[in-house]
Amino acid sequence: DVLACYQAADVLVLPSIQEAYGAVVGEALMAGCPAVVSERAGSHVLIREGSNGVVFPPSDPSSLAAALQSVFSAFPAHDGSTLRESLCYESFDRSFRRLMEDLAL
C-alpha cells in the first residue's frame, strides 16, 4: 500500500523543523518519488540537489516554495501507469552512518 502512495505522488515534502532521520524520504526515493526535505531532517543526506530532490531551510517559507517549484520543473508529473526507477543513490546503512558521524561532532 505504501508503494502505491509513493507511486501516486509527484513529490514527497518533509518540512520538519526537528526530525532525527525521516525514513519516509528513503522510501519515497526508492519508489522513484523526488523529495523536498528540510535541512533539519537527518535524511537530507539522501538528497542530491537537482537529481532527486531539494533540501531547504525550514525557517524560510519562501525557500520551501522555491524548492517545490524547482522539483516540479525538474520532474514531470507521473501518471502512475508504470513503476518509476529508484532515485535513492545511497543505502540506508551508509546514510545512517553519516548521520551518526554528524551527530558526534
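The values are calculated or read from the model by the stated rules, or taken from the named source; none is laboratory data. Please read these numbers as outputs of a predicted model, since none were measured by experiment. Please note: Cβ atoms are built from the backbone with ideal geometry, for glycine as well, and neighbour counts cover all protein chains shown. Areas reflect the complete protein model, heavy atoms only, side chains present, ligands, DNA and RNA absent. Shrake-Rupley method; radii C 1.70, N 1.55, O 1.52, S 1.80 Å.
Descriptive notes on the structure:
- For the pair GLU101 and SER62 in one chain, pulling the backbone fully straight at 0.36 nm per residue adds 11.0 nm over the alpha carbon distance.
- Residue-normalised accessible area of the chain, given per residue in Å² at a 1.4 Å probe: 59 Å²
- Other residues whose C-beta falls under 10 angstrom from the C-beta of PRO58 contribute a net charge of -2, scoring Lys and Arg +1 and Asp and Glu -1.
- Ranked from largest to smallest solvent-accessible area, with a 1.4 Å probe on the protein heavy atoms, SER81, SER16 come out as SER81, SER16.
- Neighbourhood charge, 15 Å Cβ-Cβ cut-off, centred on ILE47 and excluding it, Lys, Arg +1 and Asp, Glu -1: -2
- Counting only protein heavy atoms and a probe of 1.4 Å, the accessible surface of the stretch 26-66 is 53% carbon and sulfur.
- Exposure check, 1.4 Å probe, all protein chains in place: SER59 carries approximately 100 Å² of accessible surface.
- Residue (of ALA104, ALA35, VAL71) at the positive-pole extreme of the chain, dipole from beta-carbon charges: ALA104
- Point-to-point label distance, ASP79-GLU49, nm (Cα→Cβ direction, 7 Å offset): 3.4 nm
- Helical contribution to [θ] at 222 nm, DSSP H n ≥ 4, -39,500 (n - 2.57), averaged over the chain, rounded to 500: -12000 deg cm²/dmol
- Taken about its Cα centre, the chain carries a charge dipole of about 120 debye when Lys and Arg each add +1 at the Cβ and Asp and Glu each add -1 at the Cβ.
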